Structure formats: structure tokens, C-alpha cells
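Everything on this sheet refers to the single structure shown next.
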Amino acid sequence: MAIPIGINILVAIAVFVIGKWIARKITDIIVVLLNKVKGMDETLVRFLENIIYYILMMVVVLTALSKLGVETTSFFAILGAAGLAIGLALKDSLGNFASGVMLIMFKPFKLGDFVTVAGVSGTVKEISIFSSVIITGDNQKMIVPNGAITSGTIVNVNANPTRRVDLLVGIGYDDDIKKTKDVLTNILESDDRIIHNKGLTVAVSELADSSVNFVVRAWVNTPDYWAVKFDLTEQVKLRFDKEGISIPYPQQDVHHHNQA
């Protein structure tokens, strides 16, 4: 009776040792292939490496137990039930994990990009498996779950090398439209940060209730966007004051009548 039991134990040990070696080799091969994928994140590779290895080891352990005569069907049933329970309990975390994998693989944004995601605007500081860290303009650290990011609209300000600056400028109905267009065009042409070969737009867009509105559009390199927008706004006010062009603003006249 001892001989068959001893043989089964030796076979189980052999299955475990050889299976562990095979599991490690398979995992290493998969890791090598993952590392060859362009843009694959190191954090994701390490996470997948651990998952793959432990799944393979689970198969090895169950196979070794079966060589000892242990009924493994019940183990699979228990593991299945446990996996279902864990999945239900961690469904939000698993959703964030899946979203993190998508962010790392498809890269809608990268570290250093200025984005608006899940109602938060700021610079991307970190992209991890379950959440991303956004640093706002006033230096607040916002930790945003990846599920919230992928379930909404992602605005990546730095995705393209150039951006268009749009201004809406209003003048009074008594002001000279042609003169105003010349002044606005001169302001744009005087700024070296503006990409002139992409075209400039200065046009009347609306005859509003109290003003004639102009659209002013120019293309700039993305890093220069806010500086150019602020400077153009300031220059418009300064030049309009110098040229005697009015900028209407809401006013209300109150008439008081004395009645005897």
C-alpha cells in the first residue's frame, strides 16, 4: 500500500516542480512580448506578470493535488464561487482597473498634458492602474478614479501642437467698422507668437442689441495659448482707447420726475 502512495507523492512533487518551472517560463515569455509592445506601461506589465503567474501556479497546484487522489472538482467550485463573490464586492475597483488598462494602452493623454476629465481640469501627474493624479492650476492634488475618466468626455488641451485663440470684441454702433477691422488686424500682425501662415480672421459676427460684435481668431503654438490670449485682450483695450473706439457696456438710465 505504501508503494503506490509514495509513487503518487513523487509524481505530485514532480508535477509541482516542473509545473512551477513551466509557469515561470511562460510568464517570462509573455513579459518579453509585452515589453516589445510600443508604449506598454511598466506598471501594467508587472501587474499582468503577477496575475498570469499566479493563475498558472493555481493550475499547477490543482494538477499536483489531483495526482495525490484529491478530488479537485470541489476546489474549482469553491474558487468559482469565491471569484464571483470577490468580483461583485470589488466591481467598482475592477471597473477602475479595466479603465486604467485602457488609459495605459490607448493613451488619450500622457504625463504632463493639461486635461479636463470627470469635471477636473489640470496637469496629469500620474497614471496608475486604479486612479490618475491631476494637479490643478492652483496646485491642488486631485485623485480621479479611472472609471470616472473613461466614462465621460476627455479633453486633452496638449494633444495638438497648435490652438486657435478666439476673441469676441464689441464696438458701438457709432464707431467706424473699417477702422476697427484695421486696428484689430494690426494687433494680430504685430504679435510674433501668432502663426500667420495659418490665416487670421477679423470679421463682423453679430449686430447685437447694444454693440457690433467682431470675431478675432488666430492660431498659436499650444504652449503660447494663454499668454497670447491675455495679451491680445489687453492690447485691444489699449488700442481702442488710443484710437477712440468705444467698447459698449451695460448701462441703465434712471429718470426721476417730480410731481407736485
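The values are calculated or read from the model by the stated rules, or taken from the named source; none is laboratory data. In this text, all values refer to a predicted model and were calculated from it rather than measured experimentally. When we count neighbours, we look across all protein chains shown, and the Cβ atoms used for this are built from the backbone with ideal geometry, even at glycine.
Summary of computed values
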read-out: Some residue of the range 227-248 being under 27 Å from residue 113 (Cβ atoms), of a type in the set (A, V, I, L, M, F, W, C) and touching a strand residue (DSSP E or B) at 6+ places or on another chain (Cβ under 7 Å); value: yes
read-out: Neighbours by Cβ (under 7 Å, 6+ apart or cross-chain): first from the range 115-136, free of Cβ contacts under 8 Å to residues at least 60 places away in the same chain; second among the small types (Gly, Ala, Ser) and crowded, with 19+ Cβ neighbours inside 10 Å; value: 124/132; 126/132; 130/100; 134/122; 135/122; 136/122
read-out: Condition check for residue 32: crowded, with 16+ Cβ neighbours inside 10 Å, assigned by TED's automatic domain parsing to the domain that holds residue 16 and modelled with pLDDT of 70 or more; value: no
read-out: The range 164-183 residues that are assigned by TED's automatic domain parsing to the domain that holds residue 224 and surrounded by 15 or more Cβ atoms within 10 Å (Cβ to Cβ), paired with ones that are of a type in the set (Ser, Thr, Tyr) and part of a helix (DSSP H, G or I) (beta carbon under 6 Å, 6 or more apart); value: 171/180
read-out: The lone exception for residue 192 - which of (1) exposed (fewer than 13 other Cβ atoms within 10 Å of the Cβ); (2) under 18 Å from residue 104 (Cα atoms); (3) not small (Gly, Ala, Ser) it fails; value: (2)
read-out: Failed item in (1) under 19 Å from residue 246 (Cβ atoms); (2) without any contact (Cβ under 8 Å) to a residue 60 or more places away in the chain, with residue 203 passing the rest; value: (1)
read-out: Only one of 1, 40 that is surrounded by 14 or more Cβ atoms within 10 Å (Cβ to Cβ) and at pLDDT below 90; value: 40
read-out: Unique match (being without any contact (Cβ under 8 Å) to a residue 60 or more places away in the chain and either over 22 Å from residue 157 (Cβ atoms) or loosely packed, with under 15 Cβ neighbours inside 10 Å (or both)) among 213, 221; value: 213
read-out: Matching residues in the range 91-131 - criterion: being surrounded by 14 or more Cβ atoms within 10 Å (Cβ to Cβ), touching an Asp or Glu at 6+ places or on another chain (Cβ under 8 Å) and closer than 17 Å to residue 222 by Cβ; value: 123, 124
read-out: All positions within the range 108-138 that are part of a loop (DSSP other than H, G, I, E, B) and aromatic (Phe, Trp, Tyr); value: 109, 130
